[in-house]
């Protein structure tokens, strides 16, 4: 059995067909924490498949990873099951009472932090519906069996880590300074490293879900608790909003790249579109990128120029495709990618204001978690889900024991005004009743010879897209082993703020100065994702790795005989 120490906010579950009889029964998981890694392994060893393990791990993270794992948020699950690719969208949706100007004051200006900490900041949760539908369609084990590990963790408690104490302490101080109240400190205000956190209200909710299934969350006692609390604090979510919520099976996006097929998330994620654009544009400059020293000033400059164009298109065209027409085919046309790639100057930054959306006018966080799993049958799951900020809006549903999201901030509260992550959106991502907010979550699969070659994803708000992009380049262009590929310094640029490049964890001073000489502002970032990856090796074995930036754990092991 091989174990790999892992990292923070990314949970990916990969299930691969082995290359030979010697490797025919390998499982692999890359998880955001040790508890979810253990749960996923237990489920797979009992005969569960990748989807069973993904559902069980997701519920366990709702207990042990409260800053991002959740029942009160939503996300995406990208699956390869029976040699077919599936994408399940259980992103939160705007309540029916939400409207375009819900976070604006009488003067038409954005109310500071209202979309993050205010009572109207939560979208209708989709997490439980998504996990239920994935399990109902593809699960092997009983629903009660996959919830049992999470119930035990909530009832018996888990050992509180230094990372959890640090982020909870930061959030408590940050939120209390903004003029909004919540009940966060009642549940998470006195955490002590090494003690056990027992959550009886959450355990009771999980037991009701195990007994009654998804109806309990959207129509039963849990729904009553959510709505009562929303009414108490002045929120927007009603019984009708919960009853009307549905997860959506969508066609994933894919592209042929470097002799393989990359599969990723469609709208309402911007991740797949932007990632494919970046990969196609990078191919037009493959020679200078591969001949440059990795993460040299010139290499980083070329990546920044490509990212400017992807993020300009993101701001103008991308939103919930059930509400606006998203020109996906035009954006992913190789000829369009070549046109955009030809615009860049290899030696000088483009003027930010001059980088316009490439199609012309068109009518019509960071506390996220990702994991990757591959099972012995060759099935794979890449799952990314979120509350948006660490701990969402800080409100725990009394009696139910889980935090609510603040995903309403992922809409454009006012077109042209940046959100928490500095990302600017326009009319395509404006708030509307029942609409799903745009996301950067980018669960991704790579297929080679009809088999899973890689499963990857990460948290990180707007840096998710560029983190996945750079990991793919590190693997396929620079031949890095997985741990090196995800631990390497990552850089981020998103058009705005103008000429600003962020990096983590480090970048040598000479390179920073060269970038400044080109006209860039360069700054170290506190957090830059938490990649969780699985990669097939040349001999057919699996390699799993968790980002050094987090507290995750990765494992590869043979199926017990």
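The values are calculated or read from the model by the stated rules, or taken from the named source; none is laboratory data. From a predicted model like this one, the values you see are computed outputs, not experimental measurements. Cβ atoms come from the backbone with ideal geometry, glycine included; neighbour counts cover every protein chain shown.
Observations on the structure shown:
- Across the range 367-385, the qualifying residues are those that are within 15 Å of residue 59 (Cα to Cα) and at pLDDT below 95, and the one among them that is surrounded by the most Cβ atoms within 10 Å (Cβ to Cβ) is 369.
- From 345, 295, residue being within 15 Å of residue 501 (Cβ to Cβ) and either part of a loop (DSSP other than H, G, I, E, B) or out of contact with any strand residue (DSSP E or B) (no Cβ under 9 Å at 6 or more places or on another chain) (or both): 295
- Candidate set from the range 4-24 (those that are within 20 Å of residue 448 (Cβ to Cβ) and surrounded by 24 or more Cβ atoms within 10 Å (Cβ to Cβ)); member that is modelled with the highest pLDDT: 12
- Yes/no for residue 173 being modelled with pLDDT under 95 and assigned to a loop (DSSP other than H, G, I, E, B): no
- Looking at 545, 488, 524, just one residue is outside the structural domain of residue 384 (by TED's automatic domain parsing), touching a strand residue (DSSP E or B) at 6+ places or on another chain (Cβ under 8 Å) and within 20 Å of residue 32 (Cβ to Cβ), and that residue is 545.
- For the range 123-153, filtered to residues that are part of a loop (DSSP other than H, G, I, E, B) and touching a helix residue (DSSP H, G or I) at 6+ places or on another chain (Cβ under 7 Å), the residue that is surrounded by the most Cβ atoms within 10 Å (Cβ to Cβ) is 123.
- The listed residue being over 25 Å from the mean Cα position of the chain (by Cα), buried (at least 19 other Cβ atoms within 10 Å of the Cβ) and closer than 28 Å to residue 517 by Cα, out of 349, 288: 349
- Where a residue in the range 292-307 is surrounded by fewer than 18 Cβ atoms within 10 Å (Cβ to Cβ) and its partner, wherever it lies, is outside any helix (DSSP H, G or I) and at pLDDT 95 or above, with Cβ under 9 Å and at least six apart: 294/477; 294/478; 294/480; 294/488
- Of all residues making up the range 181-206, the number that are surrounded by 14 or more Cβ atoms within 10 Å (Cβ to Cβ) and not in a loop (DSSP other than H, G, I, E, B): 11
Matching residues to (1) assigned by TED's automatic domain parsing to the domain that holds residue 206; (2) surrounded by 19 or more Cβ atoms within 10 Å (Cβ to Cβ); (3) at pLDDT 90 or above; (4) touching a helix residue (DSSP H, G or I) at 6+ places or on another chain (Cβ under 9 Å):
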| site | (1), (2), (3), (4) |
| --- | --- |
| 406 | yes, yes, yes, yes |
| 423 | yes, yes, no, yes |
| 442 | no, yes, yes, yes |
| 452 | no, yes, yes, no |
| 455 | no, yes, yes, no |
| 468 | no, yes, yes, yes |
| 471 | no, yes, yes, yes |
| 493 | no, yes, yes, yes |
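- Single unsatisfied condition, residue 266 versus (1) not in a loop (DSSP other than H, G, I, E, B); (2) not assigned by TED's automatic domain parsing to the domain that holds residue 78: (1)
- Scanning the range 64-110 for residues that are over 30 Å from residue 40 (Cβ atoms) and in a strand (DSSP E or B) yields 104, 110.
- Residues (out of contact with any strand residue (DSSP E or B) (no Cβ under 9 Å at 6 or more places or on another chain), in a helix (DSSP H, G or I) and under 18 Å from residue 558 (Cα atoms)) located in the range 39-57: 42, 43, 52
- Scope the range 25-47; condition at positive phi and buried (at least 23 other Cβ atoms within 10 Å of the Cβ); matching residues: none
- Residue among 393, 434 that alone is outside any strand (DSSP E or B), closer than 30 Å to residue 80 by Cα and at pLDDT 95 or above: 434
- Of all the residues in the range 526-560, those that are closer than 15 Å to residue 468 by Cβ and more than 21 Å from the chain's Cα centre (by Cα) number 0.
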